[in-house]
Structure formats: C-alpha cells, structure tokens
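Undergrad: There's a structure below that I have some questions on.
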Amino acid sequence: MEQKYTTSKPSWVPEEKNDKFACSVMGGIEGIKDTTVGNINPALQSGKMKPKKRLVMSEDDYVDGVLKGDRMTLSRAITLIESNSPRHFAKAQRVLQRLLPHTGHALRIGITGVPGAGKSTMIEAFGNMLCDAGHKVAVLTVDPTSSVTKGSILGDKTRMGTLSRRREAFIRPSPAGGTLGGVARKSRETMLMCEAAGYDVIIIETVGVGQSETTVRSMVDFFLLVVLTGAGDELQGIKKGIMELADAIVVNKADGDNLVKAKVSRGQYERMLEYIRPATPGWPTHAYMCSAMEKTGLKELWEVIKGFRENTQKSGVWNKRRDSQLLDWMHSMIDEHLHNLFFEDPVITGRMPEVRGAVLDGTISPTQAVAELVKLFDVERAAHRQVDIFHPEQEKG
C-alpha cells in the first residue's frame, strides 16, 4: 500500500531565506514534507541502504580538532565532558590534560542577573562588538536544572541569533545539574576547552536565582551583575549578598522612557556600594548604565573590564585569584571524588537500605547512621577498584 504524506509547516518559518532568522526548516527528501515519525528515507525503509555509523573520535581527533578551532569538534568535546558516563569521564579528562598547556590566556567574564534583566540581549550586543574589534568570543550559558524533571530548557542561544551565526563566536548552553560535578566541574572544563580552541574572551552567563553565582564567581576574572530599574532603596540593596561578588554593576535597558529611571537606579546602586567591601582588593566596584537595544554604554563597559585586567595584573591580584581558583577546583574535586567512592562502594550500597529504614523508623539518629556507614567504608578497598584514568593500561589488580 502506498504511504501518503501530509504537509506541515511551522508558523514561524520565513517565506524566503534571509539573514534575519537564526534557524530554518530543511526541506528533507524531495516530495516528502511530513514531520511525523514515519517520515524516513525510503531507501532506509526498504533496506537498500543502512544508516551510517556515527564517527567515533579518538583522543587525538579531539585534541587536534580543538586546537585547530574546529567548532564541530569543540562541540563534541564539550558533549564528552558533560556526559555522566564514567567511561566518557575518563576519556574527557585525558583529552583535557593534553589541552591544558594551551589554556589560561583568555579573559574570563561572569555575567549574572535576575530573569528579565536582559542578560542574553546584552551579551549578544557585547559579543558582536568584541567580534567586530577582532576578538574571538565564547559564550557559555548555565541553565538551571529542574529538581523535579531533572531537565533544562537550554534556550538562551535563541536570544543570540546574530552572534550565533558569526564564525568568531561560539555559544554553548549547558545544564547546571548532573553527577560528576555539575556546574563546578563541567563549566570550568568547558571554559578551558574554549580557550584551547583560540577564544580569547570567555563569557559565562548564569541566572541570578541560586548558588551557581558563587560557583561562577570562583572561576572567572571579572564578575558583572546586570540589574534593572526599581531595585529598592539603599538598605534593600545592602541585603543582597550577590552585590558583594560583583566587580561592576550595570543598569540595563537605559533607553527611551526608562533612561531617567536608569540614572536614578545607578545613583542608588552607587550609594549601596559605599557600604559593601569591594569584591576584588584594590578595585572599587561602581555602577554603570547600558542599553543592549541602542548599543550604548557597551564600549565604556569594555574599557572598565580592560582597566580591571590591567590594574589587577599590576597589583598581582590577577595571578593570586587564578591560583586560588585552581586550588578551589582541586578541593572541590576531592570532595566529589570521595563522595562518589563512598556511594559506589558495594558494602555501603548493600547496607544503605537497612540503615535508611532504621533512620525513618526512629531506631537510630542520622548521626548514628553516618557513624555506622563511615565505619563500614574502607578507603583502601574503594581505591583498589579505581583505574588510573591517565594511564588506562595500568589497571590495578
């Protein structure tokens, strides 16, 4: 029986191809425009052709591709890093170790702010300006992971249509959640991958509604807080702990009828900052204004960031912060590794259901439960199961 196909077309598809759209719909097989599951290549359906096997990349392929600045290889390398599979974890770490000598040269900028502050629009305008000036810009957006569904929307790239099409730019949305490190490890390692690929400005965007801001602060050189008008009085601002992390505050959407309010808000933030210790020794935090729509204030903001780099490099604060961040990373990896060793230990996993039941029944306290489980945990037994990920051929017997 001949299969009939229906024709469907998304409402947002442009009538003609043009540079105003960041995405488009592929026509697919000629004569077949159905978007349902049954729309497959007839040659595949009849068995005359087999699907191509996905190319399995070696460590050398990843390293060579990233160093050449190939964006497809860089994307696949980041996917390897984000994988929660222990097998992928080991391979990713070996690739990263080989790329490490090519990292550390980029300016790392963290940008945060409440939803609706216009961060993505501002980053696009800011990134386009930097690309026009000859820089290569990588934007890493950290998207919150739902505690209910364990999923992330990862939609920030859609707000950066023009920047995403530039060859000098690379945009990567990443989930904050997941095992083996979450935002702390994966964002750091993704940032290093981008540096090895030749990007000299790394921007990490995060939504200012959780603990990820403190984590991002610990991996960037300059931390920018994007705010809106009507933030409250001076006392309300002092209570916002995130202001203590910022090297600069920028009032966005300073245009049109909102310009006067933006000037008032900037003055309020300046007064707030008088009561807060600067986030970086020797660098006074100030408030600025910009408009992502009218492209105003962005050049001035870039001059502020360059001035920050020059000031802190001369004072030695720049290198001290980088050294401190490396040690913080090492300490967090120790915590993570010990956590994984504990909960993956077969003796612990065998005893855990009974101990949990006793805690829920009120037979023992949580403190007693922890003491019993830690007593059962044998570090030497756990270490015996580990394989040297940097020398996989030397498995421990």
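Rule-based calculations on the coordinates, nothing more; no lab input. All of these numbers come straight from a predicted model, not from anything done at the bench. Here Cβ is always computed from backbone atoms with ideal geometry, including for glycine, and neighbour counts include all displayed protein chains.
Undergrad: Around Phe223, which amide H atoms from residues at least 5 apart in sequence, or from another chain, sit under 5 Å from its own amide H, with H modelled in the peptide plane?
TA: Gly110, Asp247, Ala248
Undergrad: I've got another one for you. Taking K and R as +1 and D and E as -1, what net charge do the other residues with C-beta under 13 Å from the C-beta of Arg309 add up to? Walk me through the numbers on the way to the answer.
TA: Values: positive: Arg108, Lys306, Lys314, Arg321, Arg322; negative: Asp200, Asp221, Asp247, Glu303, Glu310.
Local charge sum for Arg309: 0.
Undergrad: Something else: Which cross-chain or sequence-distant (5 or more) residues have an amide H under 5 Å from the amide H of Met289, H modelled 1.01 Å from N in plane?
TA: Residues meeting the criterion, in which the H sits 1.01 Å from N, are Val251.
Undergrad: Quickly rank 278-287, 328-337 as a protection proxy: mean count of other C-beta atoms within 10 Å, highest first.
TA: Output ranking for 278-287, 328-337: 278-287, 328-337.
Undergrad: Sticking with this structure for a sec: Quickly rank 314-323, 358-367, 253-262 as a protection proxy: mean count of other C-beta atoms within 10 Å, highest first.
TA: Order by mean packing, descending: 253-262, 314-323, 358-367.
Undergrad: Out of residues 5 or more away from Phe170 or on other chains, whose amide H comes under 5 Å of its own, with H placed 1.01 Å from N in the peptide plane?
TA: Counting only residues 5 or more places away or on other chains, the set is Val137, Ala138, Val139.
Undergrad: Can you give the log10 of the normalised intensity I(q)/I(0) at q = 0.13, 0.19, 0.22, 0.26 Å⁻¹, computed with Debye over equal Cα scatterers of the stretch 61-146?
TA: So the normalised log intensities work out to -0.59, -1.07, -1.20, -1.30.
Undergrad: For a test of the definition: using alpha carbon positions, the gyration tensor, and the 1.5 limit on a/c, classify the stretch 323-384 as rounded, prolate or oblate.
TA: Taking the square roots of the gyration eigenvalues as a ≥ b ≥ c, the stretch 323-384 is prolate.
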